[in-house]
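Here is the structure we will look at, set down as structure tokens.
The values are calculated or read from the model by the stated rules, or taken from the named source; none is laboratory data. As the structure is a prediction and not an experimental result, all values here were calculated from the model. All Cβ positions, glycine included, derive from the backbone under ideal geometry; neighbour counts span all protein chains shown. When the accessible area is computed, the model is the full protein with side chains, heavy atoms only, and any ligands, DNA or RNA have been set aside. Shrake-Rupley method; radii C 1.70, N 1.55, O 1.52, S 1.80 Å.
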Amino acid sequence: MQSKKLAGSKPGVPTQRFLDIAEIKEDVVILKDGTIRAVLLVSSINFSLKNVDEQNAIVQSYMGFLNSLDFPIQVVIQSRKMNIDDYLNRLKDAEKKQKNDLLRNQIADYRDYIRQLVEIGEIMQKRFYVVVPLDPAAAEEGEGLQRRNFFTRLQEILTPSVAIRLSEKRFQDKKQQLMLRVNSVISGLASMSLNAVMLDTQSLIELYYTVYNPELFESERMQEINKLQLEG
């Protein structure tokens, strides 16, 4: 009989099993159920500063945008502590290059002031996202997926390796359909003077990383996906 000490503790269940995401590639999020997502980063407008006519025009444009959609979308608002590390680093570089002692001291004082202002004031930054979904199985395999038994679907949820994986050709076809939806949403948002850009693979990874690891993200910055691939 094997000793418990020799056997050691069993490894815990990987966190990945509890996530709905199976893969992120080519700027598209693939979920374990086979559906795909595109995520748009959207600008904002100060509605309160608009006059009455401008507000009415925005409301009418928003109503027209919603009525033009024949598929669901998800609006996500993310609040996080403002990160100004890059700005502070640029100020530090400018301070080192400055030969005038007075200007160099002013830059140093300004840098300390901005850093303390953000830390003490806990200034938050809001970002707005629109998630555009596409279910490849809805039209093609909807009935077939419903016929799968409970244990098959449970196994797909618990084990990422058996999750639905789209063939490359089918993935490209569905991605093209998803892009049509994305372009439609971007055009609708533009009617309200809102700019939208689709997140690429690196941005998607960072987004979900911050969602699941908000505290860790502040202390450990992620490398770019291209650098990780080169190192691997």
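A few comments on the model shown:
- Considered as a group, the residues in the range 116-131 that are part of a strand (DSSP E or B) and at pLDDT below 85 include one that is least open to solvent (accessible area, probe 1.4 Å), and that residue is 125.
- Qualifying residue in the range 88-103 (condition: out of contact with any Leu (no Cβ under 9 Å at 6 or more places or on another chain), within 26 Å of residue 46 (Cβ to Cβ) and in contact (Cβ under 8 Å) with a residue 24 or more places away in the chain): no
- Index of the failed condition, residue 42 passing every other in (1) free of Cβ contacts under 8 Å to residues at least 24 places away in the same chain; (2) surrounded by 13 or more Cβ atoms within 10 Å (Cβ to Cβ): (1)
- Taking the range 113-134 as the range and being charged (D, E, K, R) and closer than 15 Å to residue 90 by Cβ as the test, only 115 passes.
- For the range 95-115, the set of residues classified as open to solvent by less than 90 Å² (accessible area, probe 1.4 Å) and either under 30 Å from residue 37 (Cα atoms) or touching a Lys or Arg at 6+ places or on another chain (Cβ under 9 Å) (or both) consists of 95, 98, 104, 107, 108, 111, listed by residue number.
- Residues satisfying the criterion are present in the range 99-113 (criterion: farther than 27 Å from residue 188 by Cβ and in a loop (DSSP other than H, G, I, E, B)).
- Within the range 55-92, considering residues that are of a type in the set (Asp, Glu) and open to solvent by 80 Å² or more (accessible area, probe 1.4 Å), the one nearest to residue 182 (Cα to Cα): 70
- Filter result for the condition that a residue is modelled with pLDDT of 90 or more and surrounded by 13 or more Cβ atoms within 10 Å (Cβ to Cβ), over 202, 176: 202
- Strands (runs of 3 or more DSSP E) within the range 1-94 that include 3 or more residues modelled with pLDDT under 90: 21-25, 74-81
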